[in-house]
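Following: one structure in structure tokens, then a few remarks.
Nothing in this text is a laboratory measurement; each read-out follows from the coordinates by a stated rule. All values reported here derive from a predicted model rather than from experimental measurement. Positions of Cβ are generated from backbone atoms using ideal geometry, with glycine treated the same way; all protein chains shown enter the neighbour counts.
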Amino acid sequence: MFVYEKKLQYPVKIKTPNPKLAAIIISQYGGPDGELGASLRYLSQRYSMPYPELKGLLTDIGTEELGHLEMIGTIVHQLTKNLTEDQIKTAGFDSYFVDHTAASMQVKGDLIADLTEDLAAEQKARVTYDNILRLSDDPDVNDVIKFLREREIVHFQRFGEGLQLAKDKMNAKNNIYFYNPSFDPSV
Ligand SMILES: [Fe+2]
């Protein structure tokens with residue numbers, strides 16, 4: 001169950017429309033390293049996660065990613081608000097590449113595979129935000145993107161702790177190859 005709080009996690013107040021930048025940023029809405037895939041991934045991985053601490057971790061981060069989805073949607077909306085059809089066409093926003101696909105969910109049902117996926121996903125999201133910062137010179141946009149980038153770093157660290165906790169719980173502390181001892185007890 002979710003309770004909705006009617007405010008953004010971090011305020012978005014963009015003064016200058018910029019459909020070219022919006023066309024880049026919209027990839028973080030539902031694209032391959034985007035917030036929609038991240039939230040659905042973590043919220044879905046919970047069902048096969050055997051340990052309550054790690055279920056809690058996935059719930060916390062998956063919920064926060066939904067909040068990030070809202071922020072990305074707001075950024076794109078403010079960057080394209082009140083533009084004329086001509087302005088949208090001239091900027092190329094009318095034909096932006098739509099890369100949104102459910103394939104980005106990536107849920108395997110194995111805790112080691114899933115948590116390792118999550119670590120990579122956070123790094124990929126962080127790199128995408130790095131790239132947006134390289135392309136954008138709007139301080140209003142960059143302020144929000146920097147906040148989102150920082151959160152990806154925090155999530156990466158928390159998933160790292162989660163992976164260590166999973167390995168400890170599986171009583172395989174020297175499990176440097178990240179195998180799942182419930183399947184490979186003799187490895
Ligand atoms: Fe994240």
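By per-residue mean of other Cβ atoms within 10 Å, what is the highest-first order of 145-151, 28-34?
28-34, 145-151
Helices that extend 18 Å or more along their long axis by alpha-carbon positions and average at least -1.0 on the Kyte-Doolittle scale are, among the DSSP H runs of the chain, 52-80, 111-135, 139-169.
Here the gap between K7 and Y179, fully extended at 0.36 nm per residue and compared with their Cα-Cα distance, gives a gain of 57.8 nm.
Taking each DSSP H run with n ≥ 4 as -39500 (n - 2.57) and averaging over every residue of the chain yields -20500 deg cm²/dmol at 222 nm. Each other residue within a Cβ distance under 13 Å of K20 adds +1 if Lys or Arg and -1 if Asp or Glu, for a net charge of -2. The residues neighbouring G162, those whose beta-carbon lies less than 9 Å from its own, together hold a net charge of -2 under the Lys/Arg +1, Asp/Glu -1 convention. Here the stretch 96-149 has an Rg and Dmax of 14.2, 42 Å, counting Cα atoms alone. Would you tally the net charge around T63, using a Cβ to Cβ cut-off of less than 14 Å, leaving T63 out, and scoring K and R as +1, D and E as -1? Net charge around T63: -1. Per-residue extension of 0.36 nm, minus the Cα-Cα distance of R134 and I153, leaves a gain of 5.1 nm for this segment. Here's the list of lysines a cross-link from K55 could span, going by alpha-carbon distance under 21 Å and ignoring same-chain residues fewer than 8 apart: K108, K167, K169, K173.
The share of alpha-carbon pairs in the chain lying farther apart than 25 Å comes to 40%. Rounded to the nearest 20 debye, the dipole magnitude of the stretch 1-117 is 380 debye, with +1 charges on Lys and Arg beta carbons, -1 on Asp and Glu beta carbons, and the Cα centre as origin. Within the straight-line cut-off of under 27 Å between alpha carbons, the lysines reachable from K81 are K6, K7, K13, K15, K20, K89, K146, sequence neighbours fewer than 8 places apart in one chain being disregarded.
Averaged over residues, the count of other Cβ atoms within 10 Å places the peptides 86-95, 53-62 in the sequence 53-62, 86-95, highest first.
Note on the stretch 8-28 and the stretch 62-80: Cα centroid distance 9 Å, given to the nearest whole angstrom.
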